[in-house]
Amino acid sequence: MPRSSKSKSWFPKIPAIAYEGAGTKNPLAFRHYNPDEMFDGKSLKEHMRFSIAYWHAFRGVGSDPFGPGTIVRPWESGKDAVSVAKTRMDAAFEFFAKIGAPFWCFHDRDIAPEGKTLAQSNKNLDALVAHAKDLQKATGVKLLWGTANLFSNPRFMCGAATNPDAHVVAYAAAQVKKAMDVTQELGGENYVFWGGREGYETLLNTNLKREQDHLGAFLHAALDYAKSIGFKGQFLIEPKPKEPTKHQYDFDVASGIAFLRTYKLEKYFKFNIETNHATLAGHTFQHEIEVAAAAGMLGSIDANAGDLLLGWDTDQFCTDHRELTLAMVSILRAGGLGTGGFNFDAKLRRPSIDLEDLFHAHIGGMDAYALAFKTARRILADGLFEKNVADRYASFDSGYGKDFEKGKLGFKELEKLVLTQLGEPKPQSGRQEYLENRLADYLTGSV
C-alpha cells in the first residue's frame, strides 16, 4: 500500500489476503471469495461491493455493557487527538488495502475527535477528510456511505431530529449538513440516516405525532440541502428496534416504509438493512430484505449477526451459510443492491485482541457472503423454488383469480362463484419439509 515517508506498516507480518481456494490450509487466505472471478460480465468484487465499518474495525475496543475495553491498538498513542486520528486512519487504510475491500463507511465522529464547539469539531473533521482523500487516492478504496453520529453525545439523550428541544434539533441539522458535505467531498455513493435515539421511553413526557412530524421535516430539509450541493448519492434509512430507545420510530422496514409514505419521502429513500436489527425486531434477515424489495426500496446491507440467546445488538460476523444464502436469493432476485454494498458492521468479540483477529473476522465474513452468493445463483438458475412458488399461486394466473387480482371481482361476485360453481376448497400442501430438504442439498453441495 502506498504510504507517506513518515508512515509505517502497522501489519508488517500480514501479507495482502489472497484467494487460495477451498482446499487451502492458510487461515489468512480466502477460500470462496475470489475477487476476480467473473459472473455475468462482472467480477465478484463488483457484485459484492464489500465495505469495512470504521467504527467497529478501528474504534471498537471490546467494551460491553458490563465492562470497559479489552482491545489496545499500537496506533492509539499520542497526546494530540487529531494526530492520533490521522495515524489511526493510516492503519485503517493499510487494513482496507490488505483485506481487499473496495469500500469503507464512517460516522463523522468515528474519524475525527469532537471539539468543544461545533466549529472546532468541523475543523477537526476537515483535517481528517483531507487525509482520507489522500489515502483513498493512494489505495483506490472508495467511500460507500457516510453518516453523522447523532446518538453518542449526551446532547442527543432524547433524540436528535425528534428531540423536544429545538436547539438540539438545530445542532443535529448542522451536524448532518457537515456530514453530507464531507460525504460528497469523499465521493460517497450513499448517505445513511440511522435514528439511534429517535423514539421515546414513555408517553408521559412525549408528543409522538409532533416528534414524527419533526423527523419528516428534518429529512425533507436534508433532501433540499442535498439538491443545493448537487449530491447525487442514494439516501438510506437504517431501521433498528428497541435499542437503545424502547420505542423507536425506525423499528423495522415496514414501519419505515409507512413513515416515508406518510411524509411523502418514499421516492427519495431506500433501506440499509442490518441482519442483527432484523432479528431484534423479531424478523429474519431475509424477511426484511423481501419487504424492502417488494416496495422497490432495497438499498444496502449492514453485514453482521446477532446472538439469538442475547437480547442486545451483539454485531457479530455472520458465517451462517443458510441464513446468508436465503438473503442472497432475495437480493439477487431483486436485482442486487445498486449503489449499495455489504458493509461489515460487525465487531470482534471481547477476547479477540490480536491484530490478526481483525483479518480472520473479515476473511470469514467475506468468504461466507461469497459462498452464499454462489449458492444462491445455483438455486435461482435451477428454478426449483421459483417454480414451486409459481405453481402454488397458479390459480391467480387466469380465470376468476386473475380477475380478482385486477380488481374486477368483488365480494358479491366471489360469493356467487363459491355458491354456484366452486364449492368447498381442496387444501393444497405447502411442501415445506420437501423444500427445506432441497435447500439442504444446495447448502451441502449435493446439487
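The values are calculated or read from the model by the stated rules, or taken from the named source; none is laboratory data. Here the structure is a predicted model, which means the values were calculated and not measured. Don't worry about glycine lacking a Cβ; one is built from the backbone with ideal geometry, like all the others, and counts go over all protein chains shown. Heads up: the accessible areas ignore ligands, DNA and RNA and are worked out on the full protein's heavy atoms, side chains in. Shrake-Rupley method; radii C 1.70, N 1.55, O 1.52, S 1.80 Å.
The table below gives the values:
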read-out	value
Residue in the range 67-84 that is in contact with a strand residue (DSSP E or B) (Cβ under 8 Å, 6 or more places away or on another chain), on the phi < 0 side of the Ramachandran plot and modelled with pLDDT of 95 or more present	no
Options Leu219, Leu204, Leu215, Leu128; residue that is in a helix (DSSP H, G or I) and open to solvent by 50 Å² or more (accessible area, probe 1.4 Å)	Leu204
Residue, surrounded by the most Cβ atoms within 10 Å (Cβ to Cβ), within the range 409-447, restricted to residues that are assigned to a helix (DSSP H, G or I) and of a type in the set (D, E, K, R)	Arg438
Condition check for Phe156: touching a residue at least 24 places away in the same chain (Cβ under 8 Å) and over 25 Å from Ser300 (Cα atoms)	yes
Contacts under 9 angstrom Cβ, first residue in the range 136-151 being under 23 Å from Arg197 (Cα atoms), partner open to solvent by 30 Å² or more (accessible area, probe 1.4 Å) and of a type in the set (Val, Ile, Thr), 6 or more apart	Trp145/Thr339
Residues satisfying the stated conditions in the range 255-274, i.e. open to solvent by less than 10 Å² (accessible area, probe 1.4 Å) and part of a strand (DSSP E or B)	Phe269, Phe271, Asn272, Ile273, Glu274
Hits in the range 219-253 (condition: among the acidic types (Asp, Glu) and either at pLDDT below 95 or out of contact with any strand residue (DSSP E or B) (no Cβ under 9 Å at 6 or more places or on another chain) (or both))	Asp224, Glu243, Asp250, Asp252
Long-range neighbours under 7 Å by Cβ, at least six apart or interchain, first residue basic (Lys, Arg) within the range 379-403, second at pLDDT 95 or above	Lys402/Phe396
Close pairs from the range 422-447: first closer than 23 Å to Arg377 by Cβ, partner of a type in the set (S, T, N, Q) and modelled with pLDDT of 95 or more, Cβ under 6 Å, at least 6 apart	Tyr442/Thr375
Qualifying residues in the range 227-254 (those that are open to solvent by less than 60 Å² (accessible area, probe 1.4 Å) and touching a Pro at 6+ places or on another chain (Cβ under 7 Å)) - the one farthest from Val329 (Cα to Cα)	Gln248
Every residue from the range 324-359 that is of a type in the set (Asp, Glu) and open to solvent by less than 50 Å² (accessible area, probe 1.4 Å)	Asp345, Asp357
Glu323 vs. criteria assigned to a helix (DSSP H, G or I) and within 17 Å of the chain's Cα centre (by Cα)	yes
Single residue of the range 370-408 satisfying the filter (in a helix (DSSP H, G or I) and of a type in the set (S, T, N, Q)) that is least open to solvent (accessible area, probe 1.4 Å)	Thr375
Qualifying residue in the range 35-54 (condition: open to solvent by 70 Å² or more (accessible area, probe 1.4 Å) and touching a Lys or Arg at 6+ places or on another chain (Cβ under 8 Å))	yes
Qualifying positions in the range 55-80 - closer than 18 Å to Ala97 by Cα, open to solvent by less than 20 Å² (accessible area, probe 1.4 Å) and within 24 Å of the chain's Cα centre (by Cα)	Ala57, Phe58
Any hit, the range 106-125, residues being outside any helix (DSSP H, G or I) and touching a strand residue (DSSP E or B) at 6+ places or on another chain (Cβ under 7 Å)	yes
Qualifying position, being open to solvent by 20 Å² or more (accessible area, probe 1.4 Å), out of contact with any helix residue (DSSP H, G or I) (no Cβ under 7 Å at 6 or more places or on another chain) and under 29 Å from Thr314 (Cα atoms), among His283, His277	His283
Residue match in the range 181-201 (condition: free of Cβ contacts under 8 Å to residues at least 40 places away in the same chain, on the phi < 0 side of the Ramachandran plot and outside any strand (DSSP E or B))	no
Within the range 17-100, helices (runs of 4 or more DSSP H) holding 3 or more residues that are touching a residue at least 12 places away in the same chain (Cβ under 8 Å) and closer than 16 Å to Asp354 by Cα	54-59, 81-99
Residue pairs meeting the criteria (Cβ under 7 Å; at least 6 apart or on separate chains; first part of a loop (DSSP other than H, G, I, E, B), in the range 308-320; second among the polar types (S, T, N, Q) and open to solvent by 40 Å² or more (accessible area, probe 1.4 Å))	Leu308/Thr279
Residue count for the range 141-170, restricted to those that are buried (at least 18 other Cβ atoms within 10 Å of the Cβ) and part of a loop (DSSP other than H, G, I, E, B)	11
Residues within the range 131-140 that are touching a helix residue (DSSP H, G or I) at 6+ places or on another chain (Cβ under 9 Å) and either open to solvent by 30 Å² or more (accessible area, probe 1.4 Å) or β-branched (Val, Ile, Thr) (or both), tallied	5
Of all residues in the range 100-125 being closer than 30 Å to His32 by Cα and of a type in the set (A, V, I, L, M, F, W, C), the one that is surrounded by the most Cβ atoms within 10 Å (Cβ to Cβ)	Trp104
